[in-house]
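Down below is the structure, laid out as structure tokens.
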Amino acid sequence: MTDVRPYHSPRREHGAAETRRDLMAAAQRLFARSGYAKVTVADIAGEAGTAVKTVYASVGGKAEILREIVEGAVRRSGAEETVARVRATADAAACVAVLAHGTRMGNEGQRETIAILFSAIPVHESAETLWEQATTLYRGALRDIAEHLHGLGALRAGMTVDRCADLLWFCFGPQAWRPLVDDCGWTWDEAEDQLAATAAALLLDR
């Protein structure tokens, strides 16, 4: 009896990958332009020049598309690299400056995705899960940095690692950058300098 080998077509797989990339790019453009709530799967199909059933078959519905967009932004955030640079720094003020720059670059580089995320949270069917997905790595990185600052003996008297991590989130989470840059019109350089100064004043033993 002859074995039947599974059919494998690299050309077809390449075409499917291109379709998927086109659909993800189309969805991100529309989410950024109109906000998550106002975009339909039919809109995504039209933007990509394909059929609605192709969207569902290739990338799923809106929630699945958004999850993938957020996951990609998290991977590209540079959080691990920022933690490594901070851990290589022994001066507390320099640690805060490195952290300010690293989180600035992550927020600036993923500005569009962050705006999409904030537009989606009020209407997303699993908003709490979505927010946790987007911020768990971020907050974990800040806790690593809080532990480093504590190990340097640089924190104010009575400041715990947990409290330091919370204040680092307050100073450098996406909700800190957005009001200054988007609402108040600050430059990214101005926001970086101010948030670094604020964090140092709150946390470090002078």
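Looking at the range 171-206, which of its residues are crowded, with 17+ Cβ neighbours inside 10 Å and either acidic (Asp, Glu) or in contact with a Gly (Cβ under 7 Å, 6 or more places away or on another chain) (or both)?
The one that is crowded, with 17+ Cβ neighbours inside 10 Å and either acidic (Asp, Glu) or in contact with a Gly (Cβ under 7 Å, 6 or more places away or on another chain) (or both): Glu192.
Go through the range 152-206 residue by residue and tally those that are of a type in the set (Gly, Ala, Ser), closer than 14 Å to Ala97 by Cβ and assigned to a helix (DSSP H, G or I).
The qualifying residues number 6.
Give me the residue from the range 62-90 that is part of a loop (DSSP other than H, G, I, E, B) and modelled with pLDDT under 95 and, out of that set, nearest to Met24 (Cα to Cα).
Arg76
Of all residues in the range 154-166, count the ones that are surrounded by fewer than 18 Cβ atoms within 10 Å (Cβ to Cβ) and either free of Cβ contacts under 8 Å to residues at least 40 places away in the same chain or not assigned by TED's automatic domain parsing to the domain that holds Thr89 (or both).
6
Just checking, does the range 48-55 include any residue being under 30 Å from Ala146 (Cα atoms) and outside the structural domain of Leu168 (by TED's automatic domain parsing)?
Looking through the range 48-55, none of the residues is under 30 Å from Ala146 (Cα atoms) and outside the structural domain of Leu168 (by TED's automatic domain parsing).
May I ask you to verify whether Glu147 is in contact (Cβ under 8 Å) with a residue 12 or more places away in the chain and outside any helix (DSSP H, G or I)?
Against the criterion (in contact (Cβ under 8 Å) with a residue 12 or more places away in the chain and outside any helix (DSSP H, G or I)), Glu147 does not qualify.
Looking only at the range 25-61, count how many residues are β-branched (Val, Ile, Thr) and in a helix (DSSP H, G or I).
Selection size over the range 25-61: 5.
The values are calculated or read from the model by the stated rules, or taken from the named source; none is laboratory data. Treat the numbers as computed from the prediction; the structure is a model and nothing was measured. Positions of Cβ are generated from backbone atoms using ideal geometry, with glycine treated the same way; all protein chains shown enter the neighbour counts.
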